Structure formats: structure tokens, C-alpha cells
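For reference, the structure discussed in these notes is given below.
The values are calculated or read from the model by the stated rules, or taken from the named source; none is laboratory data. In this text the structure is predicted, and so the values were computed from the model without any measurement. With ideal geometry, Cβ positions are generated from the backbone for all residues, glycine too; neighbour counts draw on all protein chains shown. Surface areas here come from the heavy atoms of the whole protein model, side chains and all, with no ligands, DNA or RNA. Shrake-Rupley method; radii C 1.70, N 1.55, O 1.52, S 1.80 Å.
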Amino acid sequence: MRVKFVAGNWKMNGDRAANEALLTALVPALSALSGIESVVCPPFVYLQQVKSLLGGTKTALGAQDLCQFGNGAYTGGVSAAMLRDAGCSHVIVGHSERRALFGETDDLVAEKFAVARGNGLVPVLCVGETLAERESGTTESVVDRQLQAVLQRCGISAFRGAVLAYEPVWAIGTGKTATPEQAQAVHAFIRSRLAGADAKVAAEVRIVYGGSVKAANAAQLFAMADIDGGLIGGAALVAEEFAAICRAAAQKH
Ligand code: PGA
């Protein structure tokens, strides 16, 4: 039985006052839950503030990205070692916004995945197709290409304990959620591709869904056999919504 995983991706949102208000409401709600793993991923500059607001709770701290290089002359970069030092245990890698807006290639994403693993961070690897790709029937080949880039560089053993996030680009921030059946089909495909390399790793790895998840649709998504939780954007900025999504994940399915 895989423990459900729910991560809140704040994206480039928040300020010190809003973060404090959000966490003050969220921490007691999340502390009351058991049987799930929860993570919040604020912007880099707020990692330490959020770490102290989380205090000793079980909710973990994650970053939204990392630099592929180690410490040194890389202006503007934030290294995996710095993320560890700031208290992060997780890092999102290859989010579709990084791929589309910041030019991250499959190879760069694979490199970042490797660096995260090498520094003891749990990568949350995002894959997913655009609307045009879905409509042209290439969803599986796109997701597979993104997955194979990481598998080829890092090997299947690097997926042990990692998290995958299937995030169809057309569902992100659009209010258009994939149906549970649509998401399940891609999750099962991803797991089958991993099983081709190692059946045990594939059976154990968490594959979470992201794209307009909210309290109202979370339980149906999380009830699907291969959907092991969610990567939550907009709804992660509203304490009651995020708490309700985490409660849905904590239910027995
Ligand atoms: P959304 O974003 O929940 O706002 O659609 C999800 C994500 O991009 O991780």
C-alpha cells in the first residue's frame, strides 16, 4: 500500500504576511491528519520563513526548482546543498512552467533529477502533455520521452523513493481537470513503463496527479488505483482547500 503524497506548489506567489496567515491556518489542520505525506513548496526566499512556521510538524519543506550546478560562480542559482541547508527534503523538477517558460529541456530536467538525488533530496518529477499533443494522440509518447530522459541518465534505482507527478499542461491553472479515468490511464502507463525496468520500484513509486485539483474533485481522483496523491497549485494557497485535499488523501480508498 503506497502512502498518499500531497504537495503544495505555491509557484511565484506569497509574501511574509500571507505565508504566515496561510501556515497558521494550515499547520493545525495538517497536524490532525495521519497516513499521508504532505509537503509545501514556497518560493526560495521564503523557505526559511516557512520552515520556522512549520516548526516540528510532519509537513515537509520542498523547493520548486534547483540549479543543476554545485555551489560556485552561477549567478542567480540555488544549489541542492543550499536547499538542504535551508531545511528542504523535497524539490520539484521539470514543472511544465519551467519547461515552457524557462526553456528547460528533457536533458536538463534529467540532470536536475540526478543532482537532487545525489544530494539527498526527494525529486518530484513532473511530466505531462500539452493540449495539442493530447489532441494529436501523442500523450503517451510525450510522457514516455520525458520519463526516458531521466531513466537513461539516472537509472531505475534513482526512482526508488522519488515521486512522479503527471500534470497535463492543459489542466494546470485552467480549472479543467483531467477526469479520474483520463489521469488513471496515464498513471498506469507511467507505472507500466517503469515496471519494464524494475517491477518492484514501479509498484512502490508514488505517481501523483496535478492540474486544477481542488477539494471538490480530489477524492474521486485519489480513489483511482494508480493515483497516489496530488501536486496542488492554486488550491495550495487557500488553507481550507489544501487541508480538505489532504483530508481526501488521508481517507481510506
Ligand atoms: P494548479 O497547478 O493546481 O493551479 O492547476 C498545479 C501545478 O502546476 O503544479
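Between THR105 and GLU140, what is the spin-label point distance in nm, taking each point 7 Å from the Cα along the Cα→C-beta axis?
So the two model labels end up 2.7 nm from each other.
So how much slack lies between ASP15 and ALA203, counting 0.36 nm per residue of separation and subtracting their Cα-Cα distance, in nm?
Value of the extension gain: 63.8 nm.
Taking amide H atoms as placed 1.01 Å from N in the peptide plane, list the residues 5 or more away in sequence, or in a different chain, whose amide H sits under 5 Å from that of VAL208.
Those lying under 5 Å, H to H, from VAL208 are LEU164, ALA165, TYR166, ASP228.
Once phi is turned into ³J(HN,Hα) by the Karplus curve 6.51 cos²θ - 1.76 cosθ + 1.60 with θ = phi - 60°, what whole-Hz value does each residue of the range 158-172 show in order, with x for glycine and proline?
Once rounded to whole Hz, the list reads 5, 7, 5, x, 7, 10, 10, 10, 8, 10, x, 4, 5, 9, 7.
Quick one: pull the percentage of alpha-carbon pairs in the chain with a separation above 27 Å.
Summing the P(r) tail past 27 Å for the chain gives 30 percent.
Please report how far the C-alpha centroid of the range 28-95 lies from that of the range 118-166, rounded to the nearest whole angstrom.
The two parts, judged by their Cα centres, are 21 Å apart.
Could you tell me, in Å, what Rg and Dmax come out for the Cα atoms of the range 194-250?
Cα-based Rg and Dmax for the range 194-250 come out at 12.9, 40 Å.
How many Å² of accessible area per residue for the range 8-133, probe 1.4 Å?
Each residue of the range 8-133 exposes 44 Å² on average to a 1.4 Å probe.
How much length is gained if the chain between ALA86 and ALA32 is pulled fully straight, taking 0.36 nm per residue apart and subtracting their Cα-Cα distance, in nm to one decimal?
16.9 nm
On full extension of the chain, what length is gained from THR179 through MET1, given 0.36 nm per residue of separation minus the C-alpha to C-alpha distance? Don't skip to the end; give the middle numbers.
Values: separation 178, 0.36 × 178 = 64.08 nm, distance 2.31 nm.
Using 0.36 nm per residue and subtracting the Cα-Cα distance, I get 61.8 nm.
Can you list the residues of the range 182-204 with backbone N under 20 Å from a point 7 Å past the Cα of GLN251, pointing along Cα to Cβ?
Once the point is set 7 Å along Cα→Cβ of GLN251, 182-185 turn out to lie under 20 Å by backbone N, inside the range 182-204.
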